[in-house]
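The values are calculated or read from the model by the stated rules, or taken from the named source; none is laboratory data. Since we're looking at a predicted model, the values are computed, not measured. Heads up, the Cβs are rebuilt from the backbone with ideal geometry, glycines too, and the neighbour counts pull from every protein chain shown. What goes into the accessible areas is simple: the full protein's heavy atoms, side chains included, and nothing from ligands, DNA or RNA. Shrake-Rupley method; radii C 1.70, N 1.55, O 1.52, S 1.80 Å.
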Amino acid sequence: MHISKTSAKQIVNEISKLVKQNINLMDETGCIIASCDKDRIGQFHEGAYKIITEKLDEYYITDDLATDTAKKGLNLPLELEGEIVGVVGITGSYDEVINSGRLIKKMTEILLMEKRSSYHQLMDKRVRNAFLEEWLINTGYVNYRELEERGMALNIDINRPRRIIIASVEELDRYKETQEGQSKISKFENAIDAYLNKIEGAIHFRNASRQIILVDRMATEQLVVFSKKMTKYVYDKVGFRLNIGIDGTDRDMHYAYI
């Protein structure tokens, strides 16, 4: 796993709020990618490189071993699934930093695991959304069998009888212009997800400013009732009034979407 500079900076900022020591975070090459001492970012760290290449459990740099690029302090490997993905360094004497250093190492590893999980979830969501767009929105797909197999790999049965609802919000562009508006849009999408989580087989994804929702096939009268309940739920949660469109009677999902 490669630690991004953005993730490293966020982690160092979070941990530095809890401890007094200066913290450096090095990537898998031994380069300092985040630090409480901004001047050190981008420098090569000899101690970190030694840990990575020699697979050491720890490496303490004494006054005698200190250099311009590796100052006095404790360096510990950051390990995920048995692999050293980086090094965290804590400035200070060994007795002062050994206990807090081990805690910082564990905290950093937990934060890295959370970021790795979030990244994989984001990638999975993008793959899933790309498939749904190809199935429902894009035209010209001829290999139905391949589409069916790809759907099954994503736990989406394209042969399951469904209906389509499209939801949008008036003046959505007005909300996109501010951070507060963006936060409200996110809450709006989460509210739809929360409502649909109670519905077996429901699928929800966004395309442009449209929220596209698939539910199991039901009579149109039932679909209208379902849509009204969802609209009320979203309004009660975030204050957005939804415009709702429902499909016709076409059983081909692309034409039902159109």
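Does the range 215-225 contain at least one residue that is at pLDDT 85 or above, open to solvent by less than 70 Å² (accessible area, probe 1.4 Å) and under 22 Å from Asn129 (Cβ atoms)? Checked against the condition, which is being at pLDDT 85 or above, open to solvent by less than 70 Å² (accessible area, probe 1.4 Å) and under 22 Å from Asn129 (Cβ atoms), the range 215-225 yields at least one hit. Do we find that Gly42 is out of contact with any Leu (no Cβ under 9 Å at 6 or more places or on another chain) and either among the hydrophobic types (A, V, I, L, M, F, W, C) or more than 17 Å from Ile84 (Cα to Cα) (or both) in this structure? So Gly42 passes the test. Against the conditions (1) in contact (Cβ under 8 Å) with a residue 24 or more places away in the chain; (2) open to solvent by less than 80 Å² (accessible area, probe 1.4 Å); (3) in contact with a strand residue (DSSP E or B) (Cβ under 8 Å, 6 or more places away or on another chain), Ile158 satisfies every one except (3).
Out of the residues in the range 235-249 that are without any contact (Cβ under 8 Å) to a residue 60 or more places away in the chain and open to solvent by less than 70 Å² (accessible area, probe 1.4 Å), which is nearest to Ile158 (Cα to Cα)? Among them, the one singled out is Gly248. Taking the stated definitions as given, is Leu132 closer than 21 Å to Ile246 by Cβ, within 21 Å of the chain's Cα centre (by Cα), surrounded by 11 or more Cβ atoms within 10 Å (Cβ to Cβ) and in contact (Cβ under 8 Å) with a residue 60 or more places away in the chain? Judged against the criteria, Leu132 is a match. Within the range 204-230, the set of residues being under 17 Å from Glu170 (Cα atoms) and within 27 Å of the chain's Cα centre (by Cα) comprises Arg206, Asn207, Ala208, Ser209, Arg210, Gln211, Ile212, Met230. Within the range 12-27, the set of residues being in contact (Cβ under 8 Å) with a residue 60 or more places away in the chain, part of a helix (DSSP H, G or I) and open to solvent by 10 Å² or more (accessible area, probe 1.4 Å) comprises Glu14 only.
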